[in-house]
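Asker: This structure is in structure tokens; I'll ask about it shortly.
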Amino acid sequence: MKANCPICKKPTESEADAEFPFCSERCRLFDLGNWASEKYVISEPAFDESMFEDLERDAPPSDADDQG
Ligand SMILES: [Zn+2]
């Protein structure tokens, strides 16, 4: 059975390549790393943008200091 390496697109053959459908162990491990890192990419922002709006609104005007 023939196929192409999903990583580098080199032609591979199930009977000839031990790491089929990858051309080499390097490409097989590279693919493993790909889906492992995708897990961490799929995550929503941990903060709310409105949080920053509140911070700006609560800040006192810089020229309202009437002490003295
Ligand atoms: Zn490859």
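Asker: Is at least one residue of the range 30-51 within 16 Å of the ligand (Cβ to nearest atom), surrounded by 11 or more Cβ atoms within 10 Å (Cβ to Cβ) and modelled with pLDDT under 85?
Answerer: Scanning the range 30-51 turns up at least one residue that is within 16 Å of the ligand (Cβ to nearest atom), surrounded by 11 or more Cβ atoms within 10 Å (Cβ to Cβ) and modelled with pLDDT under 85.
Asker: Also: Could you please find all residues in the range 1-29 being more than 13 Å from the ligand (Cβ to nearest atom) and basic (Lys, Arg)?
Answerer: Lys2
The values are calculated or read from the model by the stated rules, or taken from the named source; none is laboratory data. Being a predicted model, the structure only gives us computed values, none of them experimental. Don't worry about glycine lacking a Cβ; one is built from the backbone with ideal geometry, like all the others, and counts go over all protein chains shown.
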